[in-house]
1. What accessible area per residue, rounded to a whole number of Å², is obtained for the chain using a probe radius of 1.4 Å?
2. In what sequence, highest mean first, do 464-476, 245-257, 347-359 appear when ranked by Cβ atoms within 10 angstrom?
3. Compute the separation of the alpha-carbon centres of the stretch 424-438 and the stretch 334-369 and state it in Å as a whole number.
4. Can you name the helices of the chain, as whole DSSP H runs, whose Cα span along the helix axis is 27 Å or more and whose Kyte-Doolittle mean is not below -0.5?
5. Rank-order 14-26, 288-300 by packing density, defined as the average count of other C-beta atoms within 10 Å over each peptide's residues, highest first.
6. Between residue 498 and residue 90, with labels modelled 7 Å along Cα→Cβ, what's the label distance in nm to one decimal, could you check?
7. Just check the stretch 425-510 against the gyration tensor rule for me: Cα atoms, a ≥ b ≥ c as the square roots of the eigenvalues, rounded for a/c under 1.5, and otherwise prolate or oblate depending on whether a/b exceeds b/c.
8. What order do you get for 108-114, 270-276 when each peptide is scored by the mean count of other beta carbon atoms within 10 Å, highest first?
Amino acid sequence: MEAQETIANVNWWEVSLGLAGGLALFLYGMVQMTNGLKAVAGNRLTNFLSKMTRNRWTSLTAGAGITAVIQSSSITTVLVVGFVSAGLMEFSKTLGIILGANIGTTITAQIIAFKITESALLIVAVGYVLTTLTKYRRLKDYGFILFGLGLVFLGMNLMTQATMPLRNYEPLVEVMKHTAHPVYGILIGAFFTALVQSSSATTGVVIVLASQGLLNIETGVAMIIGANIGTCVTALLAAIGKPRPAVQVALAHVLFNTLGAIVFAFLIPQLSSLVAEVSQNDVGRQIANAHTIFNVGNALLFIGFTKSTARLIKWLLPDKSAACKEPLLDSYYLQHAGLALDMVEKTLKEMGQDLVQIARDSIPVAIRGTRSDLDDLRKRDDILDSWHERILAYISQIQQKELSEKEMERVHRQTDIANIIENAGDLYTTSVVEAAEHRLNLGFEVSEETHKMLLDLYESANAALADAIVAFQDRDRQKAESVTESKEQFSQDHARVHRHVYARLADSETHRVSIIRFEVELLEVARRLHSLARRIARRAIGAIEKDSKKQE
């Protein structure tokens, strides 16, 4: 009679709403907490990660540390993919970081295993006050961390209350008994994690169900193991169409977690007994500890095989050839503003190298080149213009993110340098090409002596421009000052070539006036290029002085 009354009292609408609403609050809280932690950590994450990859053990530590801080293995993955794409890290070193990231995510389970759901509303209130009433950016970020954490606990509380009527619901209890086999638990955990795209959410739900007596510890452990498969499968699906290193890292994640799940599936009884012994009468802590032990054990199991795994993945998914170079300005990197700016930085350096090559080729082509050479120069400038447009469009997307003051300064500097490179490219391929076409139309040639003098002058202007761009990008004051100080020497060289050109005005050779016009046009372009280089150098010095005042 009592059992029938219990069955009748189960309001499935309220149970469903409580579970769905609690899960939604949990997931939203995780997002808010991760954003806050990421903002507090800032660019120190990338600096820490780049320095901590000397070997597989430091890589493991770095992955665990960063993911524990920001509570997002996906952000850690984006960072390492960015390093590989930029050529700053070997692919094999990322595998230690990925194994460490799995350990770092277990901190969430340890936190939510604390029975402080009664304080959830207070934590939400304190976090909300900090996010809305304070003017200080750092306090706002801490507010988002607290606000998100409070929502996580509030979501757990809602799910707990929603499932309380199910403790004595015999039909469900019987179903759970019949699905207690580890394989079912692993499959359910994998499917649910793939559905909600959060292993932390699966862990939270498992803790709630186990606390209500709806799951025994072995089934809970099996579902936790399954969650580790589900989270890497969603990562692999998300990597489709993304840069090749992203797909390679996702595949490594799948291999590690799936093979680890197969190994630990045979050890579920032993693992369950261990955590039950360590954390008696606390089912939530038992689940959290099982999650931690599985991921630590999995990392130790595979850490010795990172290099061989890297070779296997490279064989399965080979790197693209140089002709199909990986695009650095991919939307994938926009998940982390600092990394996206690093990708812009590397692209700008490549763009600067292209400009230097155009600079080296432009004068020989102008003086001795054919129409085919001029067309090739134009095409290279069109590529430069195309990169300029892409960079500005990408920077515009970055600006839509919430950026720190330092990141905004990087945005302004990168926009400046992109415009400078594009303007310099136009100087070479517009003025110089037009002058060269005039030469080809009339069919005259420049004397060997003038040719050599113009080449020397342009070499000086090109070197100054290349140094100025590097000084502006790298904040190199010494290089910037050397460019500004080169003005007097360049002016003297320019005047000497100018006198040489006009001294030959009285020569009687055919097209003498047209030749002089051509040479004077090239002289003017050289002067404007050196002037542009000095302007860039002065701006670099000004930016360096501004940075030093801020540090004081």
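1. Averaged over the residues of the chain, the accessible area is 47 Å².
2. 245-257, 464-476, 347-359
3. Result: 18 Å between the Cα centres.
4. 12-41, 137-163, 217-239, 244-265, 283-302, 337-368, 448-474, 512-551
5. The peptides rank, most packed first, as 288-300, 14-26.
6. About 5.6 nm, to one decimal.
7. Cα axes put the stretch 425-510 in the oblate bin.
8. 108-114, 270-276
The values are calculated or read from the model by the stated rules, or taken from the named source; none is laboratory data. Just so it is clear, the structure is predicted and the values come from calculations on it, not from any experiment. Cβ sites come from the backbone with ideal geometry, for glycine too, and all protein chains shown count toward neighbours. Just the protein is used for accessible areas: all its heavy atoms, side chains included, with ligands, DNA and RNA removed. Shrake-Rupley method; radii C 1.70, N 1.55, O 1.52, S 1.80 Å.
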